[in-house]
Amino acid sequence: MTADAVTTPGGLLLPLAVLVPFLGMIAGLVLGGRNAQRVAMVTIVAGVAIALGIAQSMLQSGDTLVYVLGGFAPPLGIALRADGLSVVMMVAVAVVIGGIGVYARGDFGTPDGVREARAPLMYWLLLLAVWGSLNLVFTSGDLFTLYVALELLTFAGVPLVCLDGKGETLRSALRYLLFALAGSIFYLLGAVLVYGEWGTLDVALLAQRVQPGPVTWAAAALMTTGLLAKTALFPLHLWLPPAHAGAPPAASAVLSALVVKGSFFIVVRLWFDAMPALPGFAAAQLLAGLGAAAIIVGNVVALRQERLKLLIAYSTLAQIGYLFIMFPLAFDAGTGAFVRGEALAGGMLQAISHATAKAAMFLAAGLIYATLGHDRIADLAGAARRVPLSVLAFALGGVALTGALPSGAYVAKKLLLGAADASGQWWWALVLQAGGLFTTGYVLLVLSHALRASADAPAPRVRVRRSQEAAALALAACSLLLGFADVVLPGDLVKSPLDPGELATLVVTVAAGAAIALALGRRLPALPAGAALAAIGSPIRRATVAVGLLVERLDFALRHWHVAGLSLVVLTLLFAAAMSGAR
Amino acid sequence: MSTLVDLFSYVAIGAGAIFFLAGTVGLLRFPDTLTRLHALTKADNLGLGLVVLGLLPHVAGVLPALKLIAIWLLVLLSGADASQLIARAARRGEPRSRPGP
Amino acid sequence: MAEFLLGAAGFVLAMVALGLVRILRGPGDADRMMAAQLLGSGGIAALLLGGAAIGDDTVVDVSLTLALLAAFASIAFVQFAPPSSPGAPDDEERT
Amino acid sequence: MNAATVFGLLATALVGVGLYGFIVNPQPLRKILAFNVIGSGVFLLFGAIARRGAALGLGGDPVPQALLITGIVVAFSATALAVTVLLRLFDETGSTTLSSGVAPSASEPDPAKARE
Amino acid sequence: MIEVFHLVPALLIGALAVYTTVARDTFAATVGFIAYGLMLTVAWVQLHGVDVALTESAIGGGLTGLLLVRASAKLRATEAAARAERPRASTRLAAAILAAAVSAGLAIAVLALPDPAPTLAPEVLANMGPTGVGNPITAVLMAFRATDTLLEAIVLLLALVGVWSLAPDRVWGGRPGPRYNADPDGILAFIARVLPPIGIIVGIYIFWVGADDPGGKFQGATIVAAMWLLVLMAGLTDAPPISRRLLRAGLVAGPVAFIAIGFAGVATAGAFLAYPDGWSKPLILVVEFALMPSLALTLGLIMAGAPERAEAASPREAAP
């Protein structure tokens, strides 16, 4: 990211990318009723075109796109910038929004005979608002504008949680809102200190000016922790599982796949672009340590869930942890700074494949729920026969998350493992591998139920729309095919799936995943050999269940408000200490 | 001339400050809600009036002077109304906060 | 003169602070509702005096806004405070 | 001690006081109040920083002062949204508690119960 | 002397913050918070932030106060239940220690801020000429960082969408809030007739002087919105049904005009939200003129809350 703020060719696309979704929201609000959906469809087409246009301009010039707003360059004015990271995220978000939009036409159509209904109108307006806010997050180079973008994202996300207006979802929404507000006020406090010390809020100028010192440590610690609270990184995740599991599927997909990526992206901006030489090795280890804890706790608790949507929500928790493993791997000990390289590429690719896969999984879960009338994992028998495409979408999304060939997560994992190898941090490689096994475990657990034939097979009364199934499937396919992003990445990462080494890995992964599912899963399918297995495994099973319960209890304790609040403060202090110790 | 004006300001503002003191003493000493309300509204509004009076010679131009007077009138207006509404609320809802017979 | 004005402003603020101590102790909501009144007159006086002391005319506009909205806050108190508001919540006599 | 230092230090105290209330006060409305106390502390600190940047006859650095106005409006919007969600929660459930769910227990769930 | 005058409001603000946090009764805490908000106005004047003081007094003292008072009165019934959930003494102690640590760390940072402080004041003054406005803060808000101001208007609009989204389905499209009943000859009705004309004049005045002196559209719009709410609370008028298209058009007119002028800048001045030479001040005034009514309407409706009564119901039917 360069500091010279001069508008580049194609730069005008950046304010358009931000404002077109908001204009769609405004038009939808005024026109109301059914028109909101029509406006949203038009906006989605326009937005996707803009995202692709930005990608194309960037490929052409090969450099960061810049747009100087109002003609006033930073530090006085504000510039929008789109580097490779921004562009990749913008395109991914456009694709996911497109997929979710197609799906949501089925769930959020205005019913006949009503001029305007609340939930449909609000859904379309909020979807567009999320999009505009995310594009602002990806392009803004100003810490204060980023604060406004974060708040926009929260204000759009919270009503999505309680769109059905039920008591329990309102409670989740309030938890989410209050904790997110604490996060953003921490972030703002940090930004204020940055201005006090360096006299600018512009990321590119800060990169040149920032030197270590007490004010900057405090600022970086506050901003980082505040953003972690908004990203729901363990142990600040109290709000995420109920909010993401309770929302309507088309809203859950937006929240889980996209909204949490906004604050994550700002952490990346801060650590890699604004102050790469500041946080240091210890802080990066701390960050990745939280990520590792998120992977373990999120996955174990996911395995112990009874409901599909909660399982997916806890899987999000674990996947968020994954995103933070890249930080120590991107640390260059020679310069003491964070450098863009394989680790960052891996992390961002992970973020994108999670976005597509998780959206697909929530949408598929929504269709399964709509058909069966419930989402109890233990009673999923027959789902594969009644909604085969949805189960397939869930499976593909899940497989993509496990890092199987040729998914995006596979390439991401290869990149991260390579970086771990190169920097000698074998312990993070271990965490990455373990995470994949757990993911395999719960995907297998769900499929083992869903693929069974139902004992009583009534004719499906609820018919899901073909377009909805297609949307879920398309997003899952995107996730699976992201591995071909390999063509633009250095090295030859994707091997032939028939390579003996790869095959062996696959077999080991599946076997280990199955073992984990058997050991920890809450209610196991009645396998033919189940009785025999149970006889041998019973003491082991009892021990593993005890471990699972322990982790569940830990998670439950951490989700108490005051525990999470105290964690927020403790983490802030720890980050400040780690950063000041880096000198 | 200017010393005379200053003297006027000193006296008016000083007197205003004394009214604020009186209002606060009333708040602290009076036994029940209604008398406290009485002390507060009367004394503080007068105090503000005197402060405004003392500041009038120091503002430049007619508009700021008018604004000063408008501020006082607004506070008087809202003070009178709000205190009556509060008094009503106090009488309606809180027999115990008044002194016993 | 500026010293005197600042002193007067400080004095009025101190009076406001003392008054607040009494008002916020309750016991009833009606007492607490006087807070906006107290700040409406005392706070505005302090602002005007302070503004005159530093020679900033624009402070008068702040006072004007405050005068309007202090009335607004008082009315909101009265309109929304429940009429049967009990005394202090830790009051055991409450039935 | 000049005004910027006095109010800068006051701001740090306000952040701490608000943070305490935000963590320990179980009533959500009190958390909203505490959020506003933290917020005003942050704003006051920014105001102190603006005051420190006074130059060329300006009483303060106008950029942070302008950002403060935006910040106050954003904080107001947040408060309004939070209060509305809270009141709606109260209308719908009659309670305002933020804690939900039961502690995980050792027993495997009863399938009949899980169906509810 | 000067120091004392700084210390008195600072101590008072700190004490009110503590009171707001520890008071047992929520209504009492709310009152403390309103007093706190009004006192902050004094602090802003001390810091030479008169524009901020205006915003704080209008929003913090007026709108936020009303919002919180209303909520705390309604939630009185939940006090006992909330108290039962209070965390243990050990937790409170830990929270107190950690919060104090944060304050202490921040205090160290504040004292370590560089001297002389970095400032953009010279840049603002150097670039203010062409904008034609005399108030540097307005120049920042409407020219240098106009995007933030546009986004802020969108934040308010989105907050209103969020508030509306909380309406129960059966009353969708209806009128926000309860229908207030008050004695038409009572004091409240009296003041609701007398105060608004004055308030609206003051609001427009604050808006008008904003180009050259402290003030501006936000502060003015807030005052106007407060006056509308006063009339509403006195039962003299009713909130409009939110399904009215004209109402919605009014909400978005300001932001749309802002965006339109922004894009016109691409053609005429070479950048989004840039103004062509010599046109800065008139265009800024046009944007502010367009924004002010929209902002007042948005703020008023956010305060009025989610729809609670179906549109068809007669206005007298649903008493508070």
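Data overview
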| read-out | value |
| --- | --- |
| Test for residue E:102: is it farther than 30 Å from residue B:84 by Cβ, in a helix (DSSP H, G or I), modelled with pLDDT of 90 or more and among the β-branched types (Val, Ile, Thr) | yes |
| Subset of the range D:36-47 [out of contact with any Gly (no Cβ under 7 Å at 6 or more places or on another chain), facing chain E (nearest Cβ under 7 Å) and farther than 19 Å from residue E:69 by Cα] | D:44 |
| Residue in the range A:52-61 that is of a type in the set (A, V, I, L, M) and at pLDDT below 90 present | yes |
| Flag if residue E:134 is closer than 26 Å to residue E:291 by Cβ and outside any helix (DSSP H, G or I) | yes |
| Given (1) farther than 30 Å from residue E:248 by Cα; (2) modelled with pLDDT of 95 or more, index of the condition residue A:22 fails | (1) |
| Residue among A:330, A:277, A:357 that is under 17 Å from the mean Cα position of the chain (by Cα) and small (Gly, Ala, Ser) | A:357 |
| Residue satisfying condition, being touching a Leu at 6+ places or on another chain (Cβ under 9 Å), of a type in the set (A, V, I, L, M, F, W, C) and on the phi < 0 side of the Ramachandran plot, within set A:205, A:181, A:255 | A:255 |
| Any hit, the range E:12-24, residues being facing chain D (nearest Cβ under 9 Å) and touching a Ser or Thr at 6+ places or on another chain (Cβ under 7 Å) | no |
| Matching residues, the range D:19-35, being part of a helix (DSSP H, G or I) and facing chain E (nearest Cβ under 7 Å) | D:19, D:20, D:21, D:23, D:24, D:29, D:30, D:33, D:34 |
| Only one of A:80, A:125 that is outside any helix (DSSP H, G or I), in contact (Cβ under 8 Å) with a residue 60 or more places away in the chain and crowded, with 24+ Cβ neighbours inside 10 Å | A:80 |
| Identity of the residue in the range D:55-93, closer than 19 Å to residue E:125 by Cβ and out of contact with any helix residue (DSSP H, G or I) (no Cβ under 7 Å at 6 or more places or on another chain), that ends up surrounded by the fewest Cβ atoms within 10 Å (Cβ to Cβ) | D:57 |
| Filter result for the condition that a residue is under 30 Å from residue E:303 (Cα atoms), β-branched (Val, Ile, Thr) and assigned to a helix (DSSP H, G or I), over D:6, D:42 | D:42 |
| Which listed residue is within 22 Å of the chain's Cα centre (by Cα), assigned to a helix (DSSP H, G or I) and either over 23 Å from residue D:73 (Cβ atoms) or of a type in the set (Phe, Trp, Tyr) (or both), from A:104, A:149 | A:104 |
| Matching option when the condition is more than 7 Å from every other protein chain (Cβ to nearest Cβ) and surrounded by 24 or more Cβ atoms within 10 Å (Cβ to Cβ), among C:16, C:21, C:12 | C:16 |
| All positions within the range A:157-193 that are in a helix (DSSP H, G or I) and among the basic types (Lys, Arg) | A:171, A:175 |
| Residue list for the range E:92-101, filter: at the interface with chain D (Cβ under 7 Å from one of its Cβ atoms) and either touching a strand residue (DSSP E or B) at 6+ places or on another chain (Cβ under 9 Å) or within 14 Å of residue A:570 (Cα to Cα) (or both) | E:95, E:96, E:99, E:100 |
| Hits in the range A:4-18 - residues which are more than 9 Å from residue A:135 (Cβ to Cβ) and within 12 Å of chain E (Cβ to nearest Cβ) | A:5, A:6, A:7, A:11, A:12, A:13, A:15, A:16 |
| Failed condition for residue A:141, given (1) over 21 Å from the mean Cα position of the chain (by Cα); (2) under 15 Å from residue D:82 (Cβ atoms) | (2) |
| Qualifying residue in the range A:344-366 (condition: of a type in the set (Phe, Trp, Tyr) and under 15 Å from residue A:284 (Cβ atoms)) | no |
| Candidates E:119, E:64, E:41, E:138, filtered to the one that is in contact with a Gly (Cβ under 7 Å, 6 or more places away or on another chain), without any contact (Cβ under 8 Å) to a residue 24 or more places away in the chain and more than 9 Å from chain A (Cβ to nearest Cβ) | E:41 |
| Test: residue in the range E:221-232 that is outside the structural domain of residue E:63 (by TED's automatic domain parsing), part of a helix (DSSP H, G or I) and out of contact with any Gly (no Cβ under 8 Å at 6 or more places or on another chain) | yes |
| Helices (runs of 4 or more DSSP H) lying entirely in the range A:312-427 (those with 3 or more residues that are among the β-branched types (Val, Ile, Thr) and closer than 20 Å to residue A:472 by Cβ) | A:342-372, A:388-402 |
| Qualifying residues in the range B:40-74 (those that are farther than 16 Å from residue C:49 by Cα and under 9 Å from the mean Cα position of the chain (by Cα)) - the one farthest from the other protein chains (Cβ to nearest Cβ) | B:42 |
| Unique residue being surrounded by fewer than 24 Cβ atoms within 10 Å (Cβ to Cβ), in contact (Cβ under 8 Å) with a residue 60 or more places away in the chain and among the aliphatic types (A, V, I, L, M) when the list is E:284, E:302 | E:284 |
| Residue list for the range E:72-102, restricted to those being without any contact (Cβ under 8 Å) to a residue 12 or more places away in the chain and surrounded by 21 or more Cβ atoms within 10 Å (Cβ to Cβ) | E:95, E:98, E:99, E:102 |
| The range A:107-122 residues that are over 19 Å from residue A:161 (Cβ atoms), paired with ones that are in a helix (DSSP H, G or I) (beta carbon under 6 Å, 6 or more apart) | A:110/A:34; A:110/A:120 |
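Residues checked against (1) in a helix (DSSP H, G or I); (2) touching a strand residue (DSSP E or B) at 6+ places or on another chain (Cβ under 7 Å); (3) outside the structural domain of residue E:305 (by TED's automatic domain parsing):
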site: E:110; (1), (2), (3): yes, no, yes
site: E:113; (1), (2), (3): no, no, yes
site: E:128; (1), (2), (3): yes, no, no
site: E:139; (1), (2), (3): yes, no, no
site: E:149; (1), (2), (3): yes, no, no
site: E:153; (1), (2), (3): yes, no, no
site: E:163; (1), (2), (3): yes, no, no
site: E:167; (1), (2), (3): no, yes, no
site: E:185; (1), (2), (3): no, no, no
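The rows are residues; the columns are (1) β-branched (Val, Ile, Thr); (2) surrounded by 22 or more Cβ atoms within 10 Å (Cβ to Cβ); (3) more than 14 Å from chain B (Cβ to nearest Cβ).
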position	(1), (2), (3)
E:181	no, no, yes
E:190	no, no, no
E:200	yes, no, no
E:227	no, yes, no
E:234	no, yes, no
E:239	no, yes, yes
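The values are calculated or read from the model by the stated rules, or taken from the named source; none is laboratory data. Predicted model, so just to flag it, every value in this text is computed and none were measured. Because the Cβ atoms are built from the backbone with ideal geometry, glycine has one as well, and the counts that use them run over all protein chains shown.
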